[in-house]
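Take a look at the structure below.
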Amino acid sequence: MTGIRRTVAVAGLLLALPLSIVASSTALAATPTAVASSPTAGPAASATVPTGVHVELPRPTGPYAVGRDILQLVDQDRPDPWVPSAGPRQLMVSMYYPADPGTGGPAPYMTPEAARLMLDGKLPGNTVPTDAVTSVGTWSRTDARPEPGRFPLVLLSPGFTMPRTELTSLAEDLASRGYVVALVDHTYENTGTTFPDGQTLTCAICDTWPPGGPAVIDASRATDMSFVIDQLTAHPHPAWRYSRMIDARRIGMAGHSIGGSAAVPSLATDDRIRAGVNLDGTMDYAVPTGGLGGKPFMMIGHPLGAGVEDPTWTDAWAKLNGWKRWLTFAGSNHGTFTDDQLLLNDFGYPNPPGTTMPAERGIELTREYVAAFFDLQLKGIPQPILDGPTAQNPEVSFHP
C-alpha cells in the first residue's frame, strides 16, 4: 500500500488501512509497496471483547512525569487543501512535555466520537464498545506543571486514516525522556478529529487519493508541520502557554506510515527540522537527488520477506547523504510501531499470521530506538545501540 510497507493485510492491521479497503475486505494480496487494485474476498474480522477489559499503555521509561495540553491551531493564510469550503486549515495538536510529578489530572486517550468513528470505520462488524477505547489508560496528565528548563522539540505524524492517538505511547515516552512533543492530527486525513467546539471532522480523502497521489499528502503534511513550528515558536505570542520549554535550535520529526514518508519533505523544505525518522512508511515522496542536506535520517520497518526490499527505501537509502540507519524488526507488522497492535490484542483480535513480536515488545523497541536517535542527533549523547546489532535486541537487524 502507498504509505504502508507490507505484503499482506489481515485483521490485525485493519486499524492501519484506508476506509475503502477495509470496507471491501479484511485480507488483501499486495505487492510490497502497492495495494492490489482489487481486494480479495475474506471473512469479516470479529472479536469478542473480554468483559471489563481495561487497556493500559506501557509505562514511559524516562525520569520525568508527563504533562499534556491540547491545542487548536488555525492557519489563516492557507485554505484547507482537501476541503477548501471549510475555510482556513485547522489542526488539533497534543503537546506532551516533562512535568512535575503529582500534578494535573488524568489525560483521556481520545474523545468518544473519534473513538467510535475509528472503530466503526476500521473494523467491519465492529463489536468493540467505544468506552473500551476512551478508557485506555495513559500516563500523561492534563494541566500538569512543567519542569523548568528547555527541551528539544519532536514533531510526530500518524499514519494515513489514523488519528494521532496511535502514537500516544511514543509521545509519552519521549516526553518522559526530556522532549517536548507535538503530536499532530492532519484534518480530513483520518477517521475523525474532534475540535474544542465538539465538532468531529471525518475523513475527506480516505476513499480516493487526491490528484497527485500520496506524495501530495506528504507535501501537505510538511506544510502542516512547518506551521506548527511557526505557532509554537512565534514571538511575542506563541500558541502554547509553555512554549518557553522549547529549544527551537533542536527540532526533529518522526512519523508512522505516510507520516514517516512526510518526514522527507519536512526535512527537505524546513531548515529548522534537523533530523527525521520514518516508521514503516513507503517513501511516496522521494528523497531529492541531492539528499537531505546531510541531515540524519533513520528508517525502521517490518520484514517484507526473504530477499525482498521496498524499492522506495532502496532508492532513499542511496540518496541519503548524512548519518543514516535502516533497521528491521523481525516478527513485526505495520501496526507494531504504534499503539494499534496492543489495543487490537486486548480487544480480542489475534496477531496477523507471521507476526511473532508481542505488541508490548514492539512498543518497547520502537521507543528505545527512536529515543536513541533523537538523543544522539538532538542532544549529542552517544548511542552505541545505533552502531549495530546487540545481544539484548536480537530482533533488530541493520541494513548494510
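The values are calculated or read from the model by the stated rules, or taken from the named source; none is laboratory data. Source: prediction; values computed, not measured. Methodologically, a virtual Cβ is constructed for each residue, glycine included, from the backbone with ideal geometry; neighbour enumeration extends over all protein chains shown.
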Fill in: Check on ASP197, surrounded by fewer than 23 Cβ atoms within 10 Å (Cβ to Cβ), free of Cβ contacts under 8 Å to residues at least 40 places away in the same chain and in a helix (DSSP H, G or I)
no
Discussion item. I need a count of the residues in segment 219-241 that are in contact (Cβ under 8 Å) with a residue 60 or more places away in the chain and farther than 17 Å from PRO79 by Cα.
Written reply: 5
Discussion item. Just to check your reading of the model, which residue among ALA171, ALA114 is under 20 Å from ILE363 (Cα atoms) and either over 17 Å from the mean Cα position of the chain (by Cα) or at pLDDT 95 or above (or both)?
Written reply: ALA171
Practice prompt. Inspect all residues belonging to segment 113-129 and state whether any of them is closer than 25 Å to THR202 by Cβ and among the hydroxyl-bearing types (Ser, Thr, Tyr).
Written response: yes
Worksheet entry | Enumerated strands (runs of 3 or more DSSP E) restricted to segment 295-400, each holding at least 1 residues that are on the phi < 0 side of the Ramachandran plot and crowded, with 21+ Cβ neighbours inside 10 Å | 297-301, 324-329
Item to complete: Being under 21 Å from the mean Cα position of the chain (by Cα) and of a type outside the set (Ser, Thr, Tyr) is the filter; apply it to segment 82-97 and report the residue that is nearest to ALA107 (Cα to Cα).
Response: MET95
Worksheet item: Does GLY348 satisfy the criteria of being modelled with pLDDT under 95, of a type outside the set (S, T, N, Q) and out of contact with any Gly (no Cβ under 6 Å at 6 or more places or on another chain)?
Response: yes
Practice prompt. Just one of (1) touching a helix residue (DSSP H, G or I) at 6+ places or on another chain (Cβ under 7 Å); (2) more than 21 Å from GLY276 (Cβ to Cβ) trips up LEU376, so point out which.
Written response: (2)
Discussion item. Please verify whether GLU172 is among the charged types (D, E, K, R), in contact with a helix residue (DSSP H, G or I) (Cβ under 8 Å, 6 or more places away or on another chain) and either within 17 Å of LEU279 (Cβ to Cβ) or in a loop (DSSP other than H, G, I, E, B) (or both), treating the condition exactly as stated.
Written reply: no
